[in-house]
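The values are calculated or read from the model by the stated rules, or taken from the named source; none is laboratory data. Remember, it's a predicted structure, so these values are computed and weren't measured experimentally. Note: ideal-geometry Cβ built from the backbone for every residue, glycine included; neighbour counts use all protein chains shown.
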């Protein structure tokens, strides 16, 4: 199926049903479908070619998401833009991924206006909610356009999204996902989160639709269900929305789940409608997972994957969190579940040969779930996909019951609150300080964020600097997400005989007594 087919399946099944709801606004499948068709026809009328890059710079919003649907219907490729990222970061993504079309909310026009002259490839600017300088209004774009789907053919290996990985202070990598890879992701989600023929799911999109909730909503949409959209994941507001809309499923990163669990009245809230509480994207404390099961019921559902292998390499279904109707032991809860049905997984050693059962190695995946490659980076693609196997950079093993465990990361990426941070970007900023001799940036356990960014710093002889100064320097250059939450100063960093800093040795003491769920 093409990616737009998932919306159209829901449109056909429930035309008068509510597809998207936000605050007091409700959009039926018919209304949304017609608008997406008008947007698609307008884009095609401008001669935009297949896989032209299109971004939407907006907070969570039904009309903004409909612009994504319209772009997909026209055969364009979506470039997710995080509205909370800095202007410079988003400008870099738009430039690196050759974005030609930009839909945006009026509130972001000042930032966009300041960078548009530096992005000559942008051919079309469309404001979705009012006037904004020289940009076209959405109403003007779609005026007179047909309300029916354009007669175009979708090839399954066409790119539907170029999704950035990690930070953007260096050249960002763009993961090219296709109709084929998204199709497998949605199929996995529908297999794991099963509904009867008469059931209508209600999905709560509280996480950014540009980050995870957008693609995660497609399974609900395909079944004619309602996606309830929130602009931010406020704990009390989340609880109210679940009860008010009778939400059946939602996805949240662990850090937001922790915030929910900390509400004083959490055990008096109504979660009786929930059937699947999806979590993933960052490490989760086993202790907090146990608490979540006791609060929300046996509904916790874990997804493990990567942007390069869309989120469903393995899944731990609600029943797999239990053994004989009791919460499972720490070993089970710290796993990532069992391998998903439509993907192959192998645990390979450094010579790319299968490891013995139970022995750790690199988690590798193959099948239609894989990305097409990195945008304009064939050499990086060749380093990551070898002989048809995606090398995830995660180290793990399969236990005797078929559960996948992650024991370490081969790569140094830090996942904090569901967002990726690459240590090299932070290290570059710290190295720039005149008092710093060397440094290593690592992820350490954090009850709120899953992992927190920590810098371990070696100073030049006779020099001094306060941790607060280095943290402030990082915040000013990178933003608060990528800045270290703490800094430790050491006399010297551990190094190999050839002088390489040994990050594994630096990380080990911090993770010694902390079970991990990734």
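Looking for something in contact with a strand residue (DSSP E or B) (Cβ under 8 Å, 6 or more places away or on another chain), crowded, with 17+ Cβ neighbours inside 10 Å and in contact (Cβ under 8 Å) with a residue 40 or more places away in the chain - is there at least one such residue anywhere in segment 258-273? No, segment 258-273 contains no residue that is in contact with a strand residue (DSSP E or B) (Cβ under 8 Å, 6 or more places away or on another chain), crowded, with 17+ Cβ neighbours inside 10 Å and in contact (Cβ under 8 Å) with a residue 40 or more places away in the chain.
Taking the listed residues 190, 185, the one that is closer than 24 Å to residue 342 by Cβ, buried (at least 22 other Cβ atoms within 10 Å of the Cβ) and outside the structural domain of residue 428 (by TED's automatic domain parsing) is 185, with no other qualifying. Going through (1) under 26 Å from residue 477 (Cβ atoms); (2) at pLDDT 95 or above one by one, residue 89 falls short only on (2).
Residue 450 falls short on exactly one of the conditions (1) more than 30 Å from residue 345 (Cβ to Cβ); (2) touching a strand residue (DSSP E or B) at 6+ places or on another chain (Cβ under 8 Å); (3) buried (at least 21 other Cβ atoms within 10 Å of the Cβ), and that condition is (1). Against the criterion of being surrounded by 19 or more Cβ atoms within 10 Å (Cβ to Cβ), under 30 Å from residue 295 (Cα atoms), over 19 Å from the mean Cα position of the chain (by Cα) and without any contact (Cβ under 8 Å) to a residue 60 or more places away in the chain, residue 248 qualifies. Taking the numbered list (1) under 21 Å from residue 229 (Cα atoms); (2) assigned to a loop (DSSP other than H, G, I, E, B) in turn, residue 263 passes all entries but (1).
Taken over segment 493-518, residues that are touching a helix residue (DSSP H, G or I) at 6+ places or on another chain (Cβ under 7 Å), more than 25 Å from residue 461 (Cβ to Cβ) and at pLDDT 85 or above amount to 0. Just one of 284, 300 is farther than 21 Å from residue 187 by Cα, outside the structural domain of residue 449 (by TED's automatic domain parsing) and touching a strand residue (DSSP E or B) at 6+ places or on another chain (Cβ under 7 Å); which is it? None of the others qualify; the one that does is 284. Filtered by the rule that a residue be more than 27 Å from the chain's Cα centre (by Cα), surrounded by 13 or more Cβ atoms within 10 Å (Cβ to Cβ), free of Cβ contacts under 8 Å to residues at least 60 places away in the same chain and under 22 Å from residue 44 (Cα atoms), segment 124-150 gives 135, 136, 137.
Would you check if residue 359 is more than 30 Å from residue 259 (Cβ to Cβ) and either surrounded by fewer than 20 Cβ atoms within 10 Å (Cβ to Cβ) or out of contact with any strand residue (DSSP E or B) (no Cβ under 6 Å at 6 or more places or on another chain) (or both)? Yes; evaluated as a whole, the condition is true for this residue. If only residues of segment 218-259 that are out of contact with any helix residue (DSSP H, G or I) (no Cβ under 8 Å at 6 or more places or on another chain) and outside any helix (DSSP H, G or I) are counted, the one that is nearest to residue 188 (Cα to Cα) is 248. Of all residues in segment 74-87, those satisfying the criterion of being in contact (Cβ under 8 Å) with a residue 40 or more places away in the chain and under 20 Å from the mean Cα position of the chain (by Cα) are 77, 78, 79, 80, 81, 82, 83, 84, 85, 86. Looking at the structure I just gave you, is residue 276 more than 25 Å from residue 236 (Cβ to Cβ) and crowded, with 19+ Cβ neighbours inside 10 Å? When the stated conditions are applied, residue 276 does not pass them. Just to be sure, is residue 161 surrounded by 21 or more Cβ atoms within 10 Å (Cβ to Cβ), over 28 Å from residue 10 (Cα atoms) and at pLDDT 95 or above? No; evaluated as a whole, the condition is false for this residue.
As a summary of the residue check, residue 417 satisfies the conditions (1) within 27 Å of residue 163 (Cα to Cα); (2) at pLDDT 85 or above; (3) crowded, with 21+ Cβ neighbours inside 10 Å except for the one numbered (3). Only one of the numbered conditions (1) surrounded by fewer than 22 Cβ atoms within 10 Å (Cβ to Cβ); (2) under 23 Å from residue 206 (Cα atoms) is not met by residue 67, and that is (1). For segment 432-456, the set of residues classified as over 15 Å from residue 483 (Cβ atoms) and out of contact with any helix residue (DSSP H, G or I) (no Cβ under 6 Å at 6 or more places or on another chain) consists of 434, 435, 437, 438, 445, 447, listed by residue number.
Residue 278 fulfils the conditions (1) touching a residue at least 60 places away in the same chain (Cβ under 8 Å); (2) in contact with a helix residue (DSSP H, G or I) (Cβ under 6 Å, 6 or more places away or on another chain); (3) closer than 22 Å to residue 22 by Cα except for a single criterion, (2). For the structure I just gave you, tell me whether residue 41 is at pLDDT 95 or above, assigned to a helix (DSSP H, G or I), more than 20 Å from the chain's Cα centre (by Cα) and farther than 23 Å from residue 207 by Cβ. For residue 41, the condition - at pLDDT 95 or above, assigned to a helix (DSSP H, G or I), more than 20 Å from the chain's Cα centre (by Cα) and farther than 23 Å from residue 207 by Cβ - is met.
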